[in-house]
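A short worksheet on the structure shown next.
The values are calculated or read from the model by the stated rules, or taken from the named source; none is laboratory data. This is a predicted model, so every value here is computed, not measured. All Cβ positions, glycine included, derive from the backbone under ideal geometry; neighbour counts span all protein chains shown. Please note that ligands, DNA and RNA were not included when accessible areas were found on the heavy atoms of the full protein model with its side chains. Shrake-Rupley method; radii C 1.70, N 1.55, O 1.52, S 1.80 Å.
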Amino acid sequence: MKIVACNSNLPLAEAVAAELNMSLCNVSVRRFADMEIFVEIFENVRGEDVFVVQSTCTPTNDNLMELLIMLDALRRGSARRITAVMPYFGYARQDRKSGPRTPISAKLVANLLVEAGADRVLTLDLHAMQIQGFFDVPVDNLYAAPLFVRDIKERYGDRDLMIVSPDVGGVVRARQLAQRLNTDLAIIDKRRERAGVSEVMNVIGDVKGRHCLLVDDIVDSGGSLCNAAEAILANGAASVGAYVTHGVLTGKAVERITNSRIEMLTLTDSIPATDAVKAAHNIRQITISGLLARAMRAVSDESSVSSLFD
């Protein structure tokens with residue numbers, strides 16, 4: 001078993017290796033003068049079970065290309081099995097045709113990964129579960145829910161909690177977390193009455209006096225999350241926090257969240273924290289290194305991965 005890290009999230013890859021009492025494989029991922037990516041592996045990988053850790057976060061295309069080239073290099077180096085470990089799977093939101101003559105980019109990325117040499121994919125909280133069906137190789141989709149449950153119990157165990165889904169599409173995810181915590185569920189119903197009119201947010205469920213935790217898989221601009229928090233507080237909630245797996249946080253998202261009434265936004269380190277995130281008083285990260293390490297060991301040992309979901 002060998003662990004290879006590309007450049008997108010080196011701290012996470014190092015933490016995973018430390019959990020497994022291993023060192024990262026000696027590789028070089030660098031750029032030529034014209035920004036072409038060049039990969040060189042300085043260890044023998046013939047017959048090895050190799051795991052490549054790479055989140056396809058910003059800059060998405062560069063990180064995806066690094067991963068593809070690394071997979072190709074390992075395949076040509078005769079690795080026995082190559083697992084693409086993608087804590088954050090970029091392009092996952094393009095999982096269907098959103099209109100005429102638009103792509104299904106998540107399927108394209110799946111094809112590229114398999115063609116480049118991935119024998120297996122290990123990822124975390126896919127935006128759309130059906131993406132697993134885009135691959136003709138095994139896909140292990142891990143869940144951050146067990147980590148969130150443990151953290152929520154430690155931080156909010158003495159409060160009267162309520163889990164809130166920020167939209168109808170995330171109800172299944174939020175309900176699973178609510179069941180694990182044995183608490184109630186509320187849903188934000190958001191819609192536009194007509195073009196040019198801002199969203200109307202209705203809260204389905206009685207949040208009055210409750211400490212509400214918004215749960216989602218991705219926070220990008222942060223607008224919907226902050227608006228949902230305001231709607232919940234307007235309906236009498238005692239306070240609002242949030243648990244989100246992937247902190248994409250583009251544009252002025254960090255500033256928007258920092259200035260919001262969200263008590264604390266908890267993210268995983270599937271995407272590395274920027275300086276702005278580290279400086280924010282109400283944004284924190286919890287690590288998924290232990291979860292990934294256990295999953296990688298299970299894959300290598302041919303033991304159960306689904307047991308990690310409990």
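Exposed loop sites, defined as GluC sites (Glu not before Pro) outside DSSP H, G, I, E and B with at most 10 other Cβ atoms within 10 Å, are absent from the longest region of the chain, namely 37-192.
Would you mind telling me the share, in percent, of accessible area of the chain contributed by carbon and sulfur at probe 1.4 angstrom?
Numbers: 6720 of 14230 Å².
Reported share for carbon and sulfur atoms: 47 percent.
Applying a threshold of 30 Å to the alpha-carbon distances of Lys190/Lys252; Lys97/Lys153; Lys2/Lys107 flags Lys97/Lys153 as lying beyond it.
Averaged over its residues, segment 244-310 has an accessible area of 45 Å² per residue, based on protein heavy atoms and a 1.4 Å probe. Which whole number in µm²/s is D for the chain by Stokes-Einstein, with the Kirkwood Rh taken over Cα pairs at 10 °C and 1.306 mPa s? So the translational diffusion coefficient is about 78 µm²/s. Amide H contacts of Val207: none lie under 5 Å away among residues 5 or more positions distant or on a separate chain (H built 1.01 Å from N in the peptide plane; Pro and chain starts excluded). Other residues lying with their Cβ under 12 Å from the Cβ of His246 contribute a combined charge of -4, Lys and Arg counting +1, Asp and Glu -1.
In the context of the full protein assembly, Val114 retains an accessible surface of approximately 50 Å², using a probe radius of 1.4 Å and ignoring ligands and nucleic acids. Accessible-area rank, largest first, for Leu68, Leu10: Leu10, Leu68, with all protein chains present and a 1.4 angstrom probe.
What do you reckon, how do Ile69, Ile188, Ile104, Ile218 stack up by accessible area (1.4 Å probe), largest on top? Could the numbers behind the result be given before it?
Working: Ile69 45, Ile188 0, Ile104 70, Ile218 25 Å².
Descending order: Ile104, Ile69, Ile218, Ile188.
What does DSSP give for the chain in terms of the percent of beta bridges that are antiparallel, rounded to the nearest 5? Write down the numbers at each step before the final one.
On the way: 10 of 50 bridges.
Beta bridges within the chain, antiparallel portion: roughly 20 percent.
Using the Cβ-Cβ distance between Ala279 and Arg155 with R0 = 22 Å, the FRET efficiency computed as 1/(1 + (r/R0)^6) comes to roughly 0.60.
Which of the three applies to segment 1-75, rounded, prolate or oblate, going by the alpha-carbon gyration tensor with a ≥ b ≥ c and a/c under 1.5 meaning rounded?
Here segment 1-75 falls in the oblate category.
Label-to-label distance for Lys208 and Asn21 is 5.7 nm, based on points extended 7 Å past Cα in the beta-carbon direction.
When only alpha carbons are used to place a centre, segment 102-124 and segment 238-310 end up 23 Å from one another. Against the criterion of solvent-accessible heavy-atom surface with a 1.4 angstrom probe, Ile286, Ile152 sort, most first, into Ile286, Ile152. Placing +1 on the Cβ of every Lys and Arg and -1 on the Cβ of every Asp and Glu, with no other charges, gives the chain a dipole of roughly 540 debye about its Cα centre. Remark on Ile283: its backbone amide H falls under 5 Å from those of Leu265, a criterion applied only to residues 5 or more positions apart or on other chains, H modelled at 1.01 Å from N.
Converting phi to 3J(HN,Hα) with the Karplus coefficients 6.51, -1.76 and 1.60 and the offset θ = phi - 60°, segment 234-242 yields 5, 9, x, 5, 6, 6, 9, x, 8 Hz in sequence order, with x at every glycine or proline.
Please sort by residue number the chymotrypsin sites (Phe, Trp or Tyr not before Pro) in segment 3-77 whose DSSP state is loop and whose Cβ has at most 11 other Cβ atoms within 10 Å.
Numbers: sites: Phe32, Phe38, Phe42, Phe51; in loops: Phe32, Phe42.
Taking segment 3-77 and a limit of 11 other Cβ atoms within 10 Å, the loop chymotrypsin sites (Phe, Trp or Tyr not before Pro) found are Phe32, Phe42.
Only one residue of Thr58, Leu108, Thr287 has its Cα farthest out toward the positive end of the dipole of the chain, where Lys and Arg carry +1 and Asp and Glu -1 on Cβ, and that residue is Leu108.
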